[in-house]
Amino acid sequence: MELSEDDLRLINALQIAPRISWSDAAQVLGVHATTLTSRWERLRAEGAAWTTAHLMGDPKNACLALMDVDCEMHLRPSVTAAIAEIPEVITVEEAASDRDLLLTVITQTLGEFSSELLPRLKTIRGLTKYQAALCTRIYTSGYAWRLNVLDKAQQAALRLLAGPETTGFAHGEAVAPLPESHLAILPFLARDGRASAAEIARALGRHPATVQRQLGRVLTSKLLSFRCEIAQKYSGYPITVQWFANVPAGGHDQAAAALRGIRNIRFTASTTGRTNFVIIMWLRSLADVLEMELLVQQRVPDIQLVENVVMLNTAKRVGWMLNPDSTATGAVVVTSAHAMRLARSTVS
């Protein structure tokens, strides 16, 4: 199956405005709202695209870690599956390098990472070794990545129609506190970033007007990152590469700013560990690896690219379980207890 241009245009629209109404989207795209609705339901059912919301994981308010994991070769599938079941491990990727798996982990605090997450990893049969780098600042994240198939006028119109949840997160910006009653909404948004107040109210047994008010507060809290994801094989960029780099002290903000114009970039962050800067890109082919390295070096002359790692497979992406072909299985690993615990920490 291939996605049509109309499919890609719809996905691009939802990348810019994940919760836009179908009537507003119809005006921008020039397609009837019922057509957009049925098209989106088909894309979701096929696992080709989905919307989700996840905790920001800003290092000021939480502990975001990038982990390398080694395991016994014949037990890699079972180790991968066991790790993917842990809600705090939001992304699991198999790597073509001297480490077997790369993980992205969000916990409430560094203490929770060391006292709760690590002991759980140690109980997994076949997991032999792990190393962790802690993120100290995030510059670019996957929610900002775009297909860019819409024209500039359409993109501008969608940005005007996008809700407050799409404004992004400035480093160090305080998030608005949320009462405990609002936190039960978070798992529903993780499973469907477009979930309506009426749908959530039915599931929670609450009055729709009450949930509408609570949902509005959640959307403006800057607690969550909303995104529309696409199965990578349909994106035109089927290759994921992660670079481990070193940037001179004091030069990280400038490096991140210089790299921001590279559309292939999905993630950039400062980290602790053997290297202090991470870059993740989606590429069209392996031949683009060298081209991107040259481009990065031109943009940031002082950067030292220590190592690149190509991903063989993504088993889990920001909570969503994926098939080997990168489509979504429909399973989402999220627990209300975890979301509430972390959300309370983030807003305290």
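Within the stretch 29-50, does at least one residue satisfy the condition of being touching a Lys or Arg at 6+ places or on another chain (Cβ under 9 Å) and in a strand (DSSP E or B)? Break it down into steps so the answer makes sense when it comes.
Of all residues in the stretch 29-50, those touching a Lys or Arg at 6+ places or on another chain (Cβ under 9 Å) come to 29, 31, 40, 48, 50.
Add one more test, that the residue is in a strand (DSSP E or B), and what stays is 50.
For the stretch 29-50, residues touching a Lys or Arg at 6+ places or on another chain (Cβ under 9 Å) and in a strand (DSSP E or B): present.
In this structure, is R44 closer than 21 Å to A328 by Cβ, under 19 Å from the mean Cα position of the chain (by Cα) and surrounded by fewer than 17 Cβ atoms within 10 Å (Cβ to Cβ)? Outline the logic, then answer.
Working: closer than 21 Å to A328 by Cβ: yes; under 19 Å from the mean Cα position of the chain (by Cα): yes; surrounded by fewer than 17 Cβ atoms within 10 Å (Cβ to Cβ): yes.
The answer is yes for R44.
Within the stretch 253-267, can you find the residues that are surrounded by 20 or more Cβ atoms within 10 Å (Cβ to Cβ) and either in a loop (DSSP other than H, G, I, E, B) or at pLDDT below 95 (or both)?
Those that are surrounded by 20 or more Cβ atoms within 10 Å (Cβ to Cβ) and either in a loop (DSSP other than H, G, I, E, B) or at pLDDT below 95 (or both): none in the stretch 253-267.
Looking at A287, A337, A315, A331, can you tell me which residue is modelled with pLDDT under 95 and either buried (at least 16 other Cβ atoms within 10 Å of the Cβ) or over 15 Å from the mean Cα position of the chain (by Cα) (or both)? Let's see the steps before the verdict.
On the way: A287 fails: modelled with pLDDT under 95; A315 fails: modelled with pLDDT under 95; A331 fails: modelled with pLDDT under 95.
Step by step, each of A287, A337, A315, A331 is checked, and only A337 is modelled with pLDDT under 95 and either buried (at least 16 other Cβ atoms within 10 Å of the Cβ) or over 15 Å from the mean Cα position of the chain (by Cα) (or both).
Taking the conditions exactly as written (at pLDDT 95 or above, in contact with a Phe, Trp or Tyr (Cβ under 6 Å, 6 or more places away or on another chain) and not polar (S, T, N, Q)), does V69 satisfy them or not?
Yes, satisfied.
Across the stretch 98-110, what is the number of residues that are closer than 22 Å to V241 by Cβ, part of a strand (DSSP E or B) and of a type outside the set (S, T, Y)?
Restricting attention to the stretch 98-110, the residues satisfying the condition of being closer than 22 Å to V241 by Cβ are 98-105.
The next check asks that each one be part of a strand (DSSP E or B); those that pass are 101-105.
Cutting the leftovers down to of a type outside the set (S, T, Y) gives us 101-103, 105.
Looking only at that region, the number is 4.
Name the one entry in A95, A13 that is touching a strand residue (DSSP E or B) at 6+ places or on another chain (Cβ under 6 Å), small (G, A, S) and either assigned to a strand (DSSP E or B) or buried (at least 22 other Cβ atoms within 10 Å of the Cβ) (or both). Quick ask: steps written out before the conclusion?
Details: A13 fails: touching a strand residue (DSSP E or B) at 6+ places or on another chain (Cβ under 6 Å).
Criteria check complete, one pass: A95.
Within the stretch 22-41, which residues are closer than 14 Å to E5 by Cα and either aromatic (F, W, Y) or exposed (fewer than 12 other Cβ atoms within 10 Å of the Cβ) (or both)?
Once the filter is applied, which keeps residues that are closer than 14 Å to E5 by Cα and either aromatic (F, W, Y) or exposed (fewer than 12 other Cβ atoms within 10 Å of the Cβ) (or both), the stretch 22-41 yields G30, W40.
Taking the options L342, L322, name whichever one is among the hydrophobic types (A, V, I, L, M, F, W, C), buried (at least 19 other Cβ atoms within 10 Å of the Cβ) and modelled with pLDDT under 95. Give the steps one after another, and end with the answer.
Values: L322 fails: modelled with pLDDT under 95.
Checking each option against the conditions leaves just L342.
If a residue has to be closer than 15 Å to L147 by Cα, in contact (Cβ under 8 Å) with a residue 60 or more places away in the chain and in contact with a helix residue (DSSP H, G or I) (Cβ under 7 Å, 6 or more places away or on another chain) to count, how many in the stretch 244-272 make the cut? Quick ask: steps written out before the conclusion?
Taking the stretch 244-272 as the starting set, the residues that turn out to be closer than 15 Å to L147 by Cα are 261-266.
Now drop any that are not in contact (Cβ under 8 Å) with a residue 60 or more places away in the chain, which leaves 263, 265-266.
Checking the rest, the ones that are also in contact with a helix residue (DSSP H, G or I) (Cβ under 7 Å, 6 or more places away or on another chain) come to 265-266.
Total satisfying the criteria: 2.
Does the stretch 190-210 hold any residues that are touching a residue at least 12 places away in the same chain (Cβ under 8 Å), among the basic types (K, R) and either in a helix (DSSP H, G or I) or more than 19 Å from V333 (Cα to Cα) (or both), and which are they?
Correct list: R191 only.
Let's see how each residue does on (1) farther than 30 Å from V247 by Cβ; (2) part of a strand (DSSP E or B); (3) aliphatic (A, V, I, L, M):
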site: E112; (1), (2), (3): no, no, no
site: I124; (1), (2), (3): yes, no, yes
site: K129; (1), (2), (3): no, yes, no
site: V149; (1), (2), (3): yes, no, yes
site: F188; (1), (2), (3): yes, no, no
site: Q212; (1), (2), (3): yes, no, no
site: V218; (1), (2), (3): yes, no, yes
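The values are calculated or read from the model by the stated rules, or taken from the named source; none is laboratory data. Since the structure is predicted, the reported quantities are computational estimates derived from the model, not experimental observations. Positions of Cβ are backbone-derived with ideal geometry, glycine not excepted, and every protein chain shown enters the neighbour counts.
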